[in-house]
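Each value in this text was obtained by applying a stated rule to the coordinates, not by laboratory testing. Because the structure is a prediction, the values reported are computed rather than measured. Positions of Cβ are generated from backbone atoms using ideal geometry, with glycine treated the same way; all protein chains shown enter the neighbour counts.
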Amino acid sequence: MKTSAHGLDFISRWEGEVRHVYLDCVGIPTIGVGHVVLPGESFPAEISHEQVLALLGRDISKCEDSIARYVSAALNQNQHDALASFTFNCGGGALEKSSLRAKLNRGDYVGAADGLLAWCKAGGKDNTGLLNRRKAERALFLAPVAAPPPIEVTPFDLQQLVNVAPHA
């Protein structure tokens with residue numbers, strides 16, 4: 001299953017788009033829409049919106065592969081999009097080892113949705129922005145496909161998630 005346009009918008013709004021390398025809230029070099037700068041990658045100058053979208057596409061593809069690999073339960077589009085957001089933010093390893101995945105694969109959809117709320121720490125500390133994101137992912141996961149919930153992100157939430165000062 002592929003992440004929908006609504007799911008990509010959901011992720012993009014929570015992550016924000018920053019066209020230069022910056023350190024995220026736990027000090028990881030990041031660029032674009034939450035793309036972690038990998039060994040061997042170099043972004044000495046600001047990147048274009050098209051480059052941001054290309055990085056996002058590669059990163060989302062990895063998330064979709066993790067969901068396909070680790071989730072055996074049937075998913076509707078909103079459930080998939082919520083898991084794509086979670087996996088994009090926390091990583092495929094977090095999805096693999098999470099109790100939310102175990103609950104989901106046992107058919108406990110509400111328990112899986114509730115399990116998202118446990119993932120709201122950054123650098124070992126509670127993070128209000130992450131809690132708000134997990135609440136939004138939970139709402140999306142539980143929403144009927146015909147009516148995905150609106151995406152609500154406040155500047156405070158983004159400020160909690162990222163330090164947008166350029167990384168030297």
Original post:
Classify the stretch 101-149: rounded, prolate or oblate, from the alpha-carbon gyration tensor (a ≥ b ≥ c, eigenvalue square roots; a/c under 1.5 rounded; otherwise prolate if a/b is larger than b/c)?
Top reply: oblate
**OP:** Name the most mobile residue of 41, 96, 50, meaning the one with the largest mean-square fluctuation, in a Gaussian network model of the chain with Cα contacts below 10 Å.
**Re:** 41
Original post:
What area, in nm² and to one decimal, does the C-alpha convex hull of the stretch 1-91 cast on average over all directions?
Top reply: 6.0 nm²
Original post:
Nearest 0.05, what FRET efficiency do residue 76 and residue 49 give at R0 = 35 Å with Cβ-Cβ as r?
Top reply: 0.70
Original post:
What's the exposure ranking of 81, 59, 114, 126, going from fewest to most Cβ atoms within 10 Å?
Top reply: 126, 114, 59, 81
Original post:
How many nm separate the modelled label positions at residue 42 and residue 61, each set 7 Å beyond the Cα in the direction of the Cβ?
Top reply: 2.4 nm
Original post:
What full-extension length gain, to one decimal in nm, is calculated for residue 106 and residue 20 as 0.36 nm per residue of separation minus the Cα-Cα distance?
Top reply: 26.8 nm
**OP:** Could you name the lysines whose alpha carbon sits less than 20 Å from that of residue 121, not counting residues in the same chain fewer than 8 places away?
**Re:** 97, 135
**OP:** Starting with the highest mean, order 23-29, 137-143 by the number of other Cβ atoms within 10 Å, averaged over the residues of each peptide.
**Re:** 137-143, 23-29
Original post:
Using the C-alpha atoms of the chain, what convex hull volume per residue, in cubic angstrom, is computed?
Top reply: 109 Å³
